[in-house]
Amino acid sequence: MVRKVEQILDRIFFLRREPEKGWPLWKRAIFFGWRIFLLLCASVCMGVLLLGFAYGAYTWDVYLSYLHNSTLLLLNILPVTVLILLFYGITGRAWAAFLAGSLLTGGLSIANYYKIFFRNDPLYFEDLFIIREAQAMLGRGHYELFIDKRILVTILCTALGTGLLLLLARGRFGGWRGRLSMTVGAVLASAILMNVSLDNKVYDAIENYDHLNRWAFTENYVAHGFLYPFLHSVKEAIETPPDGYSAAKASEILSAYTDQDIPEERKISVIAIMREAYADFSRYHVEGLDEHTYDFYHSLEAESYTGNLLTNIFAGGTIDTERCFLTGNYRVRNFRESINSYLWYLREQGYRVEGSHPNYSWYYNRLNINQYMGFEDYRYLEGDFDTLADRIVLLPDSVLLPEIYADYIANKATGKPYFSFTVNIETHGPYETAIPGERQYLTGGSYTQECRNAMDNYLTALTNTDEALEQLVNALREDPEPVVLVTFGDHLPWMGDGNIFYDEMDVDLDLSTAEGFRNYYTTRYLIWANDAAKEVLGHDVAGEGPEISPCYLMNLLFQQIGWEGPAFLQAMDDMMEVFPVVTTTGRYVVDGVLTEKIPESRQSLFRDFQYLQQYWRSEFLFH
């Protein structure tokens, strides 16, 4: 049968396996042109097909909008085409080139599809550096992968396309010269494509917001398809200095400030705790929420210096808030070497600097990056917290917080002032929707059982943390030595795929409005001092603080304790007066006004802010 098919195909000259030596140029051109034509057709079809994953859980209208925008369509199809042609030059086999290109681009597209579906967060180029973390989350059962019609159709079309090319584009493409030319051509095309994909003007000029919100980070990404914004996101993974930047200019700006030592009498110990996915739902006036849910935390706020922390992230990306706080950067990256941070400053001032997080040390590469940031010692799950409790995953704070206190007490024997930073994990999402929580907090309102279960399970974990925090505060309250406690959230919690439970609870997350934007990105911070610390400081450390970005939280801590700090922090004090909120989402608070654009009158100062940030982040090593 196979032989018969081969004989039939050989009757058509351009379907043969190899061209004959005596063929004229036109015949050879058709023979090789036919294969290129088939591959181009196949790659275009695959590119259009993969756009079916780009819109994730959004509406079908978004997919149709891709097809009606020729520029957007072209920029999402070209990566598939160029990659397939590259593989064709390497392998010389049309079917192999199509299969390899489809598997690679299809794999990325499906990964993006899952990420949007589960976390309403698209796949960025930088995510490729933390694949191990994603595998770990799947392994823990946090997310259950599924196969739906889109995936099945794509698998079927990939198999069909491979089979047709195996049949209709038989043989190997040309000799080594032809394949080399194809490979070089594809590489040059990819370089041109990459240059276009990274161009901000081209990216911003594409208008596709009839069904999506341009101000929502995820929706803005989705509005551009997938492969195109994925390539565009390479810019975020690579350190790109602001326009006009030079180290000399930044150094000149910073020279107006001088590093200041901490006075001996004010070397007060600090315990900082970042709470995973902390949200005060009472601030959203959720119907049916038990009014006593936040009693302890509100009472602690009443005797503390508190305010809103407007973060860069929502329902994920813990390390962003964490590292902005510790380094003073408003945007962070996957550090590969020593980085300036306030931890190094504290160490130079004689502080013992420690940290802890009951998760694996390789998670978000904390093992290496925490050392780069200046931690002397850091406690992780393996070989440490996993020996303290049977419940290894999401270690309860009833175990974690007493360990924080024990470390603080143990440090007293050294005679050194103490700084510790801990990230808890008990409140990490997603939250069980099929099983009710141990306690019921959403007692009223007309909600689905899944919404009630998710909220009850989340608030049960949050209340457990509050109970452990209360015990820690009571212990510190009785401590004869001065100590300050800082606690804050990293982002809001996951509440259903596509934020469906937020919608049920009528929490406004409309990013096109100021209220929705703030609801989406805001958590709380709190700075509390025991009586011994208040006596040293001479004030109560209480009241309502400003709305700030995480990069300024250390500034507020230094101000409350009365530390002037390093030159960079002093410079950021001045910047905070004008730009208290600077986000990576394209929103700012300038002179008290939320805006998408820095006013003309403040652009020169904002340029200085960017130069200082760049200098601190990549040029000048403080320690």
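The values are calculated or read from the model by the stated rules, or taken from the named source; none is laboratory data. Since the structure is predicted, the reported quantities are computational estimates derived from the model, not experimental observations. Cβ placement follows ideal geometry from the backbone for every residue including glycine, while neighbour counts extend to all protein chains displayed.
A few points about this structure:
- Checklist (1) of a type in the set (Asp, Glu); (2) crowded, with 20+ Cβ neighbours inside 10 Å; (3) assigned to a helix (DSSP H, G or I); (4) touching a Ser or Thr at 6+ places or on another chain (Cβ under 8 Å) applied to residue 322, failing item: (4)
- Residue among 287, 265, 252 that is part of a loop (DSSP other than H, G, I, E, B) and in the same structural domain as residue 603 (by TED's automatic domain parsing): 287
Let's see how each residue does on (1) more than 30 Å from residue 266 (Cα to Cα); (2) assigned to a loop (DSSP other than H, G, I, E, B); (3) β-branched (Val, Ile, Thr):
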| residue | (1), (2), (3) |
| --- | --- |
| 359 | yes, yes, no |
| 401 | no, no, no |
| 409 | no, no, yes |
| 432 | yes, yes, no |
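- Any hit, region 27-37, residues being closer than 20 Å to residue 84 by Cα, in contact with a Ser or Thr (Cβ under 7 Å, 6 or more places away or on another chain) and at pLDDT 70 or above: no
- When residue 350 is tested against (1) surrounded by fewer than 22 Cβ atoms within 10 Å (Cβ to Cβ); (2) in a helix (DSSP H, G or I), exactly one condition is not met: (2).
- Of the residues contained in region 47-61, one or more are found to be in contact (Cβ under 8 Å) with a residue 40 or more places away in the chain, in contact with a His (Cβ under 8 Å, 6 or more places away or on another chain) and surrounded by 14 or more Cβ atoms within 10 Å (Cβ to Cβ).
- Condition broken by residue 302, with the remaining ones in (1) of a type in the set (A, V, I, L, M); (2) closer than 17 Å to residue 572 by Cα; (3) out of contact with any Pro (no Cβ under 8 Å at 6 or more places or on another chain) satisfied: (2)
- Answer from 376, 403, 337, 382 - the residue that is touching a helix residue (DSSP H, G or I) at 6+ places or on another chain (Cβ under 8 Å) and more than 30 Å from residue 258 (Cα to Cα): 403
- Failed item in (1) under 26 Å from the mean Cα position of the chain (by Cα); (2) under 30 Å from residue 346 (Cα atoms); (3) in contact (Cβ under 8 Å) with a residue 24 or more places away in the chain, with residue 238 passing the rest: (3)
- Region 596-623, residues that are among the hydroxyl-bearing types (Ser, Thr, Tyr), surrounded by fewer than 21 Cβ atoms within 10 Å (Cβ to Cβ) and at pLDDT below 95: 618
- Per the conditions (1) touching a Lys or Arg at 6+ places or on another chain (Cβ under 9 Å); (2) surrounded by fewer than 19 Cβ atoms within 10 Å (Cβ to Cβ); (3) closer than 22 Å to residue 492 by Cβ, the sole criterion not satisfied by residue 432 is (1).
- Here 65, 43 are screened, and the one residue that is within 18 Å of residue 169 (Cα to Cα), under 34 Å from the mean Cα position of the chain (by Cα) and either at pLDDT 75 or above or assigned by TED's automatic domain parsing to the domain that holds residue 150 (or both) is 43.
- Taking the criterion of being farther than 28 Å from residue 324 by Cα and either acidic (Asp, Glu) or crowded, with 22+ Cβ neighbours inside 10 Å (or both), the only residue of region 387-429 that qualifies is 390.
- Selection count, region 569-585, where residues are in contact (Cβ under 8 Å) with a residue 40 or more places away in the chain and in a helix (DSSP H, G or I): 4
- When region 355-374 is filtered for residues that are without any contact (Cβ under 8 Å) to a residue 40 or more places away in the chain and either outside the structural domain of residue 428 (by TED's automatic domain parsing) or in contact with a Leu (Cβ under 7 Å, 6 or more places away or on another chain) (or both), only 361 remains.
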